[in-house]
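The structure appears below as structure tokens.
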Amino acid sequence: MAKTLWLNYMLIAMYIVPFFLWREKSLAPATRSLLWIIFFTRGWRCAYGITHDLLTCGLLAFLRWRMSPELARRESAALRVMTLLQITLFVEIFMAWEFSKLASPAEGIYFAANTPHFRFVNLASWIAVAIGYPALLYLLSRDREERVHV
């Protein structure tokens, strides 16, 4: 039930509320244009996602650096998953960069079609999926085993 409510909240917060805020005439045009760019235009840029991923990696690295060695040892299983998340973000940065050289959301292209034009991006995606899923499953199962033996 909690997950259902969370999904409901996210859909409302991410799509329904911004739509009504965008239509709210009392808001400044600059505020309304932000909502328009994000939700209703082709204003998204690959650089936005790349910047988000870099900031997330930096924040994870900073917060991990601040952890005490004792806490890091105790939470090593979770930190291994966090490391995989950082690797995944760097892979996503690479793919977004490669995608940006071939197409742009500004042109209405948000996904790499299964065409020769996007062959490399799609191949990189398949490689990332082939490595990422088994790595994640391994780390999660290892974490579960470690928690049983503690």
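We did not get these values from a lab; they are worked out from the coordinates using the rules stated. The model shown is predicted, which means the values in this text are computed figures rather than measured ones. Here Cβ is always computed from backbone atoms with ideal geometry, including for glycine, and neighbour counts include all displayed protein chains.
Worth pointing out:
- Highest mean packing first, where packing is the average number of other Cβ atoms within 10 Å per residue, the peptides 124-137, 63-76 line up as 124-137, 63-76.
- Inter-centroid distance (Cα atoms) of the stretch 44-77 relative to the stretch 81-113, Å: 18 Å
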